[in-house]
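Note sheet for the following structure.
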């Protein structure tokens, strides 16, 4: 009887194993919920960077063209800058010389597809599809107020000095806005 009581066993108890599994499960749940948020933040950061770089290229165009911006002929209609070589020649030229060719990669980070670049001199946005999905709008004659745009007053033609570059973010349909004011 004495030998049976002094016998020691090596190994883990069922309680110790259950505690380790519970901790591992908790870590997996935390990672499972954190990864989508990290991916959304990464896509939003890419969109913000793209929007800021587009604004920089607009300013570069202006400094190389005696202070004129590539807004010549922009009207209230929402116009695709990339395809509008007949109606917005200055926009088309700016895009081809300053944006395409790897300077600013205009792609939607969610899909990897090319984002569209629109010009307008109103606060109107095409809805629903083009405004969503990382496309970029340049609102001539507007400025940013938080993540929205407000009229800045003044010209909306080739001599316009005020504009806002806006894109949508993944975070609950919020927008990122940069202007030159």
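The values are calculated or read from the model by the stated rules, or taken from the named source; none is laboratory data. Since the structure is predicted, the reported quantities are computational estimates derived from the model, not experimental observations. Please note: Cβ atoms are built from the backbone with ideal geometry, for glycine as well, and neighbour counts cover all protein chains shown.
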Checking the condition at pLDDT 80 or above, closer than 18 Å to residue 177 by Cβ, surrounded by fewer than 18 Cβ atoms within 10 Å (Cβ to Cβ) and under 19 Å from the mean Cα position of the chain (by Cα), which residue from 145, 132, 126 passes? 145
Residue 48 - would you say it is surrounded by fewer than 17 Cβ atoms within 10 Å (Cβ to Cβ), closer than 22 Å to residue 139 by Cβ and at pLDDT 75 or above? yes
